[in-house]
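A.B. asks: Pasting a structure here, questions to come.
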Amino acid sequence: MTREVFEDRLHSQLTALYDELVPPASTTEPGTVRGRPNQHWLRRPVVVVSLVAALAAAGAATATAAGVFTEREKLMPPGMADTLAPGEETRIKGMGCEPGSQVVVKLDGVQIGTAVTETQPEGPNQLILGWYVADVTIPVGTTPGQHVITITCPYIGDGTELVETKEITVIS
Amino acid sequence: MDGLSDEALLASLRTGPEYLSEFYRRHVARVIGMGARRFNNAEDVADFVANVFVEVMTSIDSFDPARGSAVAWLYGLGGNVAAAMRRRASRTVDAERRLAGRALLDQDDHARVEERIDAAAAARQVYEAMQALSESDRQLLELIAVDGLSPSAAAATLGISGIAARVRLVRARGRLQATMRSTGRPFPTQHTVKEEAPA
C-alpha cells in the first residue's frame, strides 16, 4: 500500500473545497455583464465625493435636492481607480441605492465583493443619498488587460435593479 | 481523461472535480518546483502550492486558451500568488486560513521539500534579487529566469507583445545585473532553471 504524502493530503483538501470555490458552470459568463456602459466616469473618485460634499456643505442640498441627486439618470457614477494590479485592494464609492440594501460588485461577471448601503442621513442637510463603500480585491489570477466592474443594488427611487459598469485596466 | 489536453481540463474544470484532480496530478510537482524557487522553507512552499491550486479553482474564469497555454497561465498565476504572499495581500491570507498547506506536511514531506529547496538555491537567489525591480520587470524576468519560460511564452502569459517583452527584458536584465553586482552575487548567464520546461 502506497504511503500518503503531502500531495495526496492536499488533493483531498482541494477536492473537499471544490464546491465552495469553483464558480458553478451556470453562472454568468465573463464579458456578458448587463447594464448600460457609462461614458461619464470621473477619473478620481475623490472628485465625485468632494463635489457632492461641497454642494451639501454650501447648503445647496435640500430635501428636494436629495431627489435631484438620486434621479436615476443624474446619479454620480461610482468612483474607483482606473488601473489596478492583481491582488490589489481598492475602494469603490457610489450612491443611489436603497438604504440598508446590499450592493454586489462583480469583475467580469464574477462576484468579488459586497457592501451595505448607509442608513443614516449625512451632511448638514441630513440627506440620505444611498451611499455605499465597497472594499474589494482584484483576484490574484486576473489577467492583464481590460476588464469590466459591475455594481448592482436596488435603486433608491423605486427598488428596481440599478446597474453601473466601469471598465478598468489590470496591469501586470 | 488521459487523452485530454491541459487546456481542455481547465475548460471543463467547472463541470466536475475530476478535471481538477487530473490537472492537479499532472502539475503539482511543477508547482512545488515553482515554490522551491521562491521560498526558502518547506512551510511556505506548502502554503504556496495550496494557494496556487486554490487560485486555479477561484480564478478559472480568467483562463483564456487564446492567450496562451494552460501551463503558461499556471506560471502566471504562481507568480502572482508568490508576489501576493510576499505582500500578504488579504485575499491570499484568506486562502491560507481556508487551506494552510503547511498543516499537511509530515516529517518525510518536510525533508523531501527541503531537498528541492536546496536544489533551487541559485534560482531563489535570483528571485530574491528581482524583488528590487519594478512589478512589471520582475514578473517578466521571473517567468524567464526563474521558471524557464521562453520570452514569447512569458509575453503571452503577461498579455504583452513579443516586442514589448524583449524591450522590457533587456531593461530588466540590466537592472538585475546591476543589483546583483552591487551585492557581490554572480549574475546568471543562462536560465537558472534546470527543471522541467513548460509546454
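The values are calculated or read from the model by the stated rules, or taken from the named source; none is laboratory data. Here the structure is a predicted model, which is why all the values come from computation and not from measurement. Neighbour counts run over all protein chains shown; Cβ positions are idealised from the backbone, glycine included.
A.B. asks: Look at region B:121-167 and say how many of its residues are in contact with a Ser or Thr (Cβ under 7 Å, 6 or more places away or on another chain), over 13 Å from B:MET34 (Cα atoms) and at pLDDT 85 or above.
C.D. replies: Summing the residues that are in contact with a Ser or Thr (Cβ under 7 Å, 6 or more places away or on another chain), over 13 Å from B:MET34 (Cα atoms) and at pLDDT 85 or above in region B:121-167 gives 2.
A.B. asks: I need the full set of residues from region B:10-24 which are closer than 19 Å to B:ALA50 by Cα and either crowded, with 16+ Cβ neighbours inside 10 Å or at pLDDT 95 or above (or both), in order please.
C.D. replies: B:LEU10, B:LEU13, B:ARG14, B:PRO17, B:TYR19, B:LEU20, B:SER21, B:GLU22, B:PHE23, B:TYR24
A.B. asks: On to the next question. Please work out if A:ALA66 is out of contact with any helix residue (DSSP H, G or I) (no Cβ under 6 Å at 6 or more places or on another chain), at pLDDT below 80 and either surrounded by 17 or more Cβ atoms within 10 Å (Cβ to Cβ) or assigned to a strand (DSSP E or B) (or both).
C.D. replies: Yes.
A.B. asks: Sticking with this structure for a sec: Give the residues of region A:153-172 that are charged (D, E, K, R) and either within 14 Å of chain B (Cβ to nearest Cβ) or in a strand (DSSP E or B) (or both), sorted by residue number.
C.D. replies: A:GLU161, A:GLU164, A:LYS166, A:GLU167
A.B. asks: Do we find a residue being in contact with a helix residue (DSSP H, G or I) (Cβ under 9 Å, 6 or more places away or on another chain), within 10 Å of chain A (Cβ to nearest Cβ) and outside any helix (DSSP H, G or I) anywhere in region B:15-36?
C.D. replies: Checked region B:15-36: at least one residue is in contact with a helix residue (DSSP H, G or I) (Cβ under 9 Å, 6 or more places away or on another chain), within 10 Å of chain A (Cβ to nearest Cβ) and outside any helix (DSSP H, G or I).
A.B. asks: Another one. Restricting to region B:37-69, name every residue that is more than 24 Å from B:GLN107 (Cα to Cα) and not in a helix (DSSP H, G or I).
C.D. replies: Within region B:37-69, B:SER59, B:PHE63, B:ASP64, B:GLY68, B:SER69 meet the criteria.
A.B. asks: With respect to B:ALA50, determine if the residue is buried (at least 22 other Cβ atoms within 10 Å of the Cβ) and modelled with pLDDT of 90 or more.
C.D. replies: Yes; evaluated as a whole, the condition is true for this residue.
A.B. asks: Starting from residues that are in contact with an Asp or Glu (Cβ under 9 Å, 6 or more places away or on another chain), within 12 Å of chain B (Cβ to nearest Cβ) and assigned to a strand (DSSP E or B), keep the ones in region A:80-106 and report whichever is surrounded by the most Cβ atoms within 10 Å (Cβ to Cβ).
C.D. replies: Per the criteria, the residue is A:THR90.
A.B. asks: Another one. Look at B:VAL81 and say whether it is in a helix (DSSP H, G or I), at the interface with chain A (Cβ under 9 Å from one of its Cβ atoms) and buried (at least 23 other Cβ atoms within 10 Å of the Cβ).
C.D. replies: Taking the combined requirement at face value, the residue satisfies it.
A.B. asks: Oh, and also: Let me confirm something: among A:THR150, A:THR143, which residue is assigned to a loop (DSSP other than H, G, I, E, B), of a type outside the set (Asp, Glu) and modelled with pLDDT of 80 or more?
C.D. replies: Of A:THR150, A:THR143, the one residue that is assigned to a loop (DSSP other than H, G, I, E, B), of a type outside the set (Asp, Glu) and modelled with pLDDT of 80 or more is A:THR143.
A.B. asks: Identify all residues within region B:37-66 that are in contact (Cβ under 8 Å) with a residue 40 or more places away in the chain and facing another protein chain (nearest Cβ under 7 Å); write none if there are none.
C.D. replies: Within region B:37-66, B:ALA46, B:VAL49, B:ALA50, B:VAL54, B:GLU55, B:MET57, B:ILE60 qualify.
A.B. asks: Which numbered condition in (1) more than 10 Å from chain A (Cβ to nearest Cβ); (2) within 26 Å of B:LEU20 (Cβ to Cβ); (3) at pLDDT 85 or above is the only one that B:ILE117 fails?
C.D. replies: B:ILE117 satisfies every listed condition except (2).
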